[in-house]
Amino acid sequence: MIRYSISVVDDEESIRDGLAMILSEEYDISCFADAESFLSDMETNSPDLVLMDIGLPAMNGIEALAIIKKKTHDLPVIMITAYEDINMVILSMKTGAFDFILKPMNPDMLELTIKKAISTIALRKEVKILQEKYLEDNHPCFIGESKKIEDVMDFINMVAKSPDTPIMIMGETGTGKELIAKAIHARSPVFQGPFIAVNCSAFPDELIESELFGYEEGAFSGAKKQGKKGFIEEADNGTLFLDEVADLSLPGQAKLLRFIESGEFYKVGSTKKYKVNVRIVSATNKNLEELIDKDRFRKDLFFRLCVVKAKIPSLNERRDDILPLAKHFLYEFSNKFEKNLKNISKGAQDLLLYHEFSGNVRELKNIIERACLITQNDVLTREDLGLKQKPDNIKKVESDGFKDPSSHLTEQGIHLGKLLESIEKKYMEYALKLTSGNESKAARLLKMNHHTFRYKWKKANT
């Protein structure tokens, strides 16, 4: 469970102690007797929420609020006042206060106001935790929690250390192969050098040589007067990422092989030999072995490029990452479209978890972008996603249990893993109902270990 931090700024010690006692069980509390000490501490320890008295000594709360809003616009500040001076309240709201509460504080009203403020930053906090966990040192990485992605990143961390070893990234369209290539570059000894990405399918056969290796002045009709650097030269002392390498023509493959073997090349129209130090990372969504059998890809180039192979799982193979990714994109597009989107509804989350992502992470990103653009709510709903509801055969099994497979398994097929998860969740729900919410007793009813029950129940409801 995420814990939020609250800074209490009040010159009355009794107020500070009382708020700390009331709130410390649920929140991390820091107390300050004046605005100056809080603002100094905020330089290194920014809280999630501020409770601040208006009538502070020296710098008052309104002045401090103005400084806070200049430093961090999104930090919610709840003002505390001993009397309802309407002019002061209006001024604090105009300055950017989230809300205000009166002394003596009503505990229920205090809790309600804090919950409302926390709800505005909950998504940002959750995404920040994900990013801190998976974007180490601001290096590109995958957002996700699945074991499969953890294994991929562990592998990347290991192989990236050798800058001379070519790496082949294999995976379906939309799985994030370029992101992995950037992660390899960022974790390699050449991380300070350039990262040059080339889509090999974007250039016709007659241009690929000049694009890769560059050309000299007058090399061909239409050539730039001063000549041009190729992608390989631009990537010197860095990483060259060859995306869709399977689409490279056979003449282009031959020239690339020659360069990989020697590290040397000639620009088009030049007799001067160039030598660069480049790490080669390539990627494809095609089966190279099949292309070799069809004489559409060189076997010798295959062995040169595939010294190390990294297989990126599809999003359907790492379904535990669907919701973390969706919330990451929700936060991204909420900012882009200047909306205050707080979360994804339970119904919408269920639809995402049941959806088959043929376009992988890219498809999920597009779905969330569209939903963020069109929604009129502060929480994404099932209708915003524009996805089909659960398949009727899964709904029917959920309603009557798993009695007769022949009544549910049609020619269209059924996702057995999701079906079993759904049935398991319904039995766990009923076991908890029978035991009045006692997890230990519910686990015994289902002949499960208590810790296993708790883990599965938590997973089923996230």
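The values are calculated or read from the model by the stated rules, or taken from the named source; none is laboratory data. What you are looking at is a predicted structure, and each value in this text was computed from that prediction instead of being measured. Every residue, glycine as well, gets a Cβ built from its backbone with ideal geometry; the counts of neighbours run over all protein chains shown.
Residues in the range 139-182 that are among the polar types (S, T, N, Q), without any contact (Cβ under 8 Å) to a residue 40 or more places away in the chain and assigned to a loop (DSSP other than H, G, I, E, B): 162 only. If we keep just the residues of the range 26-43 that are over 18 Å from residue 4 (Cβ atoms) and surrounded by fewer than 21 Cβ atoms within 10 Å (Cβ to Cβ), which is modelled with the lowest pLDDT? Looking at the filtered set, the residue picked out is 43. Applying a threshold of 7 Å to beta carbon distances and a minimum spacing of six or more residues, or different chains, the list of pairs starting in the range 266-292 at a residue that is within 20 Å of residue 246 (Cβ to Cβ) and ending at one that is part of a loop (DSSP other than H, G, I, E, B) and aromatic (Phe, Trp, Tyr) reads 288/297; 291/297. Specify the residue that is farthest from the chain's Cα centre (by Cα); the eligible residues are those in the range 214-258 that are of a type in the set (Phe, Trp, Tyr) and farther than 27 Å from residue 176 by Cα. If we take residues in the range 214-258 being of a type in the set (Phe, Trp, Tyr) and farther than 27 Å from residue 176 by Cα, then 220 is farthest from the chain's Cα centre (by Cα). Annotation: of all residues in the range 78-121 being surrounded by 17 or more Cβ atoms within 10 Å (Cβ to Cβ), in a helix (DSSP H, G or I) and not hydroxyl-bearing (Ser, Thr, Tyr), the one that is farthest from the chain's Cα centre (by Cα) is 88.
Going by what's in this entry, would residue 390 be described as charged (D, E, K, R), outside the structural domain of residue 330 (by TED's automatic domain parsing), touching an Asp or Glu at 6+ places or on another chain (Cβ under 9 Å) and at pLDDT below 75? Criteria met by residue 390. Do we have any residue at all in the range 342-359 that's within 21 Å of residue 173 (Cβ to Cβ), small (Gly, Ala, Ser) and outside any loop (DSSP other than H, G, I, E, B)? For the range 342-359, residues within 21 Å of residue 173 (Cβ to Cβ), small (Gly, Ala, Ser) and outside any loop (DSSP other than H, G, I, E, B): absent.
Considering only the range 154-172, how many residues are within 20 Å of residue 235 (Cα to Cα) and of a type outside the set (D, E, K, R)?
Matching residues across the range 154-172 total 9.
Is it the case that residue 75 is surrounded by 17 or more Cβ atoms within 10 Å (Cβ to Cβ), touching a strand residue (DSSP E or B) at 6+ places or on another chain (Cβ under 9 Å) and not in a strand (DSSP E or B)? Yes: the conditions hold for residue 75.
For the range 434-458, the set of residues classified as in contact with a helix residue (DSSP H, G or I) (Cβ under 9 Å, 6 or more places away or on another chain) and of a type in the set (Lys, Arg) consists of 441, 444, 454, 456, listed by residue number.
Here is a list: 33, 20. Which entry is over 25 Å from residue 340 (Cα atoms) and in contact with a Cys (Cβ under 8 Å, 6 or more places away or on another chain)?
20
Cβ-Cβ contacts under 9 Å between residues 6 or more apart (or on different chains), taken from a first residue in the range 23-46 that is under 16 Å from residue 64 (Cβ atoms) to a second residue that is crowded, with 19+ Cβ neighbours inside 10 Å and of a type in the set (Lys, Arg), are listed as 31/16; 32/16; 33/16.
Condition check ((1) at pLDDT below 90; (2) within 30 Å of residue 166 (Cα to Cα); (3) touching a Phe, Trp or Tyr at 6+ places or on another chain (Cβ under 9 Å)) across all residues:
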| position | (1), (2), (3) |
| --- | --- |
| 309 | no, yes, no |
| 326 | no, no, no |
| 337 | no, no, no |
| 340 | yes, no, no |
| 354 | yes, no, no |
| 364 | no, no, yes |
| 376 | no, no, no |
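Checking the structure you have, find out if any residue of the range 352-364 is assigned by TED's automatic domain parsing to the domain that holds residue 379, free of Cβ contacts under 8 Å to residues at least 40 places away in the same chain and surrounded by fewer than 20 Cβ atoms within 10 Å (Cβ to Cβ). Looking for residues that are assigned by TED's automatic domain parsing to the domain that holds residue 379, free of Cβ contacts under 8 Å to residues at least 40 places away in the same chain and surrounded by fewer than 20 Cβ atoms within 10 Å (Cβ to Cβ), one finds at least one in the range 352-364, hence yes.
Kindly check whether there is at least one residue in the range 197-207 that is over 30 Å from residue 152 (Cα atoms), surrounded by fewer than 20 Cβ atoms within 10 Å (Cβ to Cβ) and polar (S, T, N, Q). The answer is no; no qualifying residue exists. Scanning the range 23-39 for residues that are closer than 15 Å to residue 63 by Cβ and polar (S, T, N, Q) gives a single hit, 37.
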